[in-house]
């Protein structure tokens, strides 16, 4: 057997490395997810024929661990992660899926780099080659996209990201393309639009045009994305070529990848802030919306015919409801509703007072009954006060002052009662009643005080008269 | 010298390590519990529709006389300010003696499709502010607006200056037309009426997708490749999952509010240029005289620093303070430096203007 290590003493022990790798795989396969071994199908037949067994040139005999496999190990890992749902129904599989999807590109990069690196190492050229167009690492990097089916890695990254926001448009367009409505449209477009179905034909034509427009704008957007990726690669190469001797060399695939990401982001930002990109982005989004809108209209038409409520109807109801809520709240806060409540309370109290008749009128003032409330709300107050005030004014100045002061208090309390009726909130009728009762009670107390004051002033007047 | 000197041994070892970490990560993920967030005790003080106002309870009674209400953005959930024990703006503010309240907008659904900015600012925020003031027994409160919530707080403070004592804005866009604002550049070409009329509420997926495309390779790819490094560390994984949950735990956006915000703020830049009306109320920042503390992040890719800096010259406030934080849009709440620097800065500024 050809001993590669003997001829290249500086090279690593590939047999040991191979064993290490197999140990890692073994560990994975005997782990908790052994039932769904994520690596089970990565290298078919690996157990029967160890691909790492050096035969002559170890690179020649070594199966590239990143080589295209029937099942991508990261996808397999995703499946295994997806099976990690816990008994409480929660799951971390979203994270695992995102991680696995994201790693596809990284994995592709490693794959192409490993292939390039191994072939170069095999020919002994690694590390000696000067920077240039034929640099194997750069060539490998350029082939990353090719390894992913020639797709723009940026777009691929977007597509790999799960979520309706990302997928919805394309899926919708594809569904629309394959839908009977689309087939119908294609056929219809070959016919002139007239007669009973003229309107319907026109709608279908509009849908078809929306789809064509969407496809066109989608291509323009992808062109901008490709421009961004291209600019990223330019920056990447420029930075590599301008790295000085003092800069630390990039010595791991991860460092290489991070270096590329920085350049890719910078290139993307540069392009994404350009007016051309913004225009393409806006056109693309608007075309998607126009297509969505058309599909919705088609759906509404169909569901309407089936007697089902439509989105437009629900929207109309929702809009009216929200407008009503706004009006109600505004009116409520402005006091309109409160005033209505007060008026009702006032009328009820008045009716009650009328029913109660004399009994209510003779009821003790202190009880502050609803009858009193009714009285206080009517414009009845001056009658009881005026004579007192008039008589008092004819008496001594001091007594007259006391009497005036008492009259003011009565007026003030009744005004408060009146204000209460205006300011009252519509919280509840009972609460309004209680407030009025309180105000009326205050008014009654003031009135009693005024009466007492009048008696005192009478007494003083009599005394004064007796003295004189 | 070739700048790329990858030793095949190292490359191979990296692949082996990655496989091993993936395998052990499988075990880690299986053993992970559901992540928890929102660590500080709180009580509900006001509720209306899906909006709830909470008051947080600290270990000690607040020393501040004036309560502070946090107005979060409509996008994402507000528990970012109280993510975990060692990453909580709320907890740290309470420890400093502040009395902290927060508006939780809840998750919008079809019933909220017609909520507009008038409903949010003149409605929900106004009534929330009144509720907090009533609860605290004061006439004026402090507002702490975050991101879009900061723009809302600016509008509110301009319309109702009699209700606000001090205003703090964090990572808040004021000038939406700075040249480095990618989101704004894109949004200006969007037919927002067609978009909202078609979509109704704007889905969280669409919002998240847009945010991620601001830095696509880093956020779609590199982040998850880096995840392999911590797959075998349960604590690190828990932190990662918590943040991941927050990022994607996003409410949909109420259609009308989204339409108005995009049209008037992103496209029209009316908050800065003038001509903005919220419902029937005019918003003229040049009339705003309150004390303002404006905090922004220097590496913010969502709200570029220049977009926040514009506040300095936009108001009539004679008491304006600005703090540039070294970090990103999210780091300003969760990074170690943020925990150390931001809450004391807010507290000290408020303490000088309390009561």
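In Å, what is the Rg of the alpha-carbon atoms in the range B:106-254, and how long is Dmax?
When restricted to Cα atoms, the range B:106-254 yields Rg and Dmax of 19.0, 54 Å.
Principal axis lengths of the range B:271-355 from Cα atoms, whole Å, largest first?
Each principal axis gives a Cα extent; for the range B:271-355 these are 42, 35, 22 Å.
Is the shape of the range B:61-112 best called rounded, prolate or oblate, per the rule: a/c under 1.5 gives rounded, else a/b larger than b/c gives prolate, else oblate, with a ≥ b ≥ c the square roots of the Cα gyration tensor eigenvalues?
Oblate.
What angle do you read, to the nearest 10 degrees and between 0 and 90, between the alpha-carbon axis of helix B:234-248 and the longest principal axis of chain B?
Between the helix axis and the principal axis of chain B, the angle is about 50 degrees.
Out of every Cα pair in the range B:53-193, what percent are spaced more than 18 Å from each other?
Of all Cα-Cα distances in the range B:53-193, 59 percent exceed 18 Å.
Under the Kirkwood approximation applied to all pairs of distinct alpha-carbon atoms, what is the hydrodynamic radius of the range B:206-314 in Å?
It works out to 17.4 Å.
Under the definition of Cα pairs under 8 Å and six or more residues apart, what whole-number percent is the relative contact order of chain B?
For chain B, the relative contact order is 22 percent.
Which three lengths, in whole Å and largest first, does the range B:165-246 cover when its Cα atoms are put on their principal axes?
47, 41, 27
Counting other beta carbons within 10 Å of each residue's own, what order do A:265, A:298 fall into, fewest first?
A:298, A:265
Could you let me know the centre-to-centre spacing of the range B:308-328 and the range B:37-90, using Cα atoms, in angstrom?
24 Å
Percent of Cα-Cα pairs more than 20 Å apart in the range B:228-286, please.
Percentage above 20 Å: 53.
Provide Rg and Dmax in Å for the range B:1-124, with only Cα atoms included in the calculation.
For the range B:1-124, the Cα-based Rg and Dmax read 23.1, 68 Å.
Which residue, B:19, B:96, B:299, has the most motion in a Gaussian network model of chain B that connects Cα atoms within less than 10 Å?
Of B:19, B:96, B:299, the Gaussian network model singles out B:19 as fluctuating most.
Quick check on the exposure proxy: order B:318, B:273 from fewest to most C-beta atoms within 10 angstrom.
B:318, B:273
Of the beta bridges DSSP finds with both residues in the range B:33-114, what % are antiparallel, to the nearest 5?
Of the beta bridges lying entirely in the range B:33-114, close to 75 percent run antiparallel.
Going by how many other Cβ atoms sit within 10 Å of their own, how do A:313, A:300, B:98 line up, fewest first?
By the 10 Å Cβ count, ascending: A:313, A:300, B:98.
Please find, in a Gaussian network model of chain B (springs between Cα atoms separated by less than 10 Å), the residue of B:45, B:164, B:228 whose mean-square fluctuation is greatest.
Greatest mean-square fluctuation among the candidates belongs to B:228.
Taking N as the number of residues in the range B:273-315, what is its alpha-carbon radius of gyration divided by 2.2 N^0.38 Å?
1.36
From the C-alpha gyration tensor of the range B:1-57, pull out the three semi-axes of the equivalent ellipsoid (sqrt of 5λ each), sorted largest to smallest, in whole Å.
50, 18, 10
Considering every Cα-Cα pair within chain B, what fraction, in whole percent, is farther apart than 29 Å?
42 percent
On a 0 to 90° scale, report how tilted helix B:8-31 is relative to the longest principal axis of chain B, with both axes built from alpha carbons and the result rounded to the nearest 10.
That works out to roughly 60 degrees.
Of the residues B:15, B:257, B:310, which exhibits the maximal mean-square fluctuation in a Gaussian network model of chain B defined by a 10 Å Cα contact cut-off?
Checking each option, the largest mean-square fluctuation is seen for B:15.
Please report the antiparallel percentage of DSSP beta bridges with both residues in chain B, rounded to the nearest 5.
Percent antiparallel among DSSP bridges in chain B is about 45.
Here, each number is a calculation from the coordinates, and none is a lab measurement. This is a predicted model, so every value here is computed, not measured. Note that we place each Cβ from the backbone using ideal geometry, even for glycine, and neighbour counts take in every protein chain shown.
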